[in-house]
């Protein structure tokens, strides 16, 4: 496996894990059934992409990538502070949309940086960006 492919897959894998953690965290504050269903749906979509990226990495004898400790800690703390100030569906939608936007930027940057990655890795990255874009769009009704 060439380095670009490995790095792109690891970033997709890490991004999905971060998304699943964040969705799980805000789900504890959600009271709206429609929002809870949407959060669960997108948690599952991120898990599916995580598994797909991990399978390719494992086939190459590599492990997935855990999100950075500092990034995870900051994200968790930031979300908790925002939810303590206002724990409604609008706040959850804003937090999730911010996360989607960061994910889109991060994975798009990686796709450009690791331009020599193989087709499967590029497809996973594109799929992840599409999921993030669609999630943002579906969250708009909660603003």
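Within segment 103-125, the set of residues being part of a helix (DSSP H, G or I) and either over 17 Å from residue 18 (Cα atoms) or without any contact (Cβ under 8 Å) to a residue 40 or more places away in the chain (or both) comprises 104, 105, 108, 109, 111, 112, 113, 119, 120, 121, 122, 123. Just one of the listed residues (128, 77, 139) is modelled with pLDDT of 95 or more, farther than 24 Å from residue 7 by Cβ and part of a helix (DSSP H, G or I), and it is 139. Anything in segment 1-58 that is under 20 Å from residue 141 (Cα atoms) and outside any helix (DSSP H, G or I)? List them, or say none. Passing the criteria: 28, 29, 30, 31, 32.
The values are calculated or read from the model by the stated rules, or taken from the named source; none is laboratory data. In this text the structure is predicted, and so the values were computed from the model without any measurement. Note that we place each Cβ from the backbone using ideal geometry, even for glycine, and neighbour counts take in every protein chain shown.
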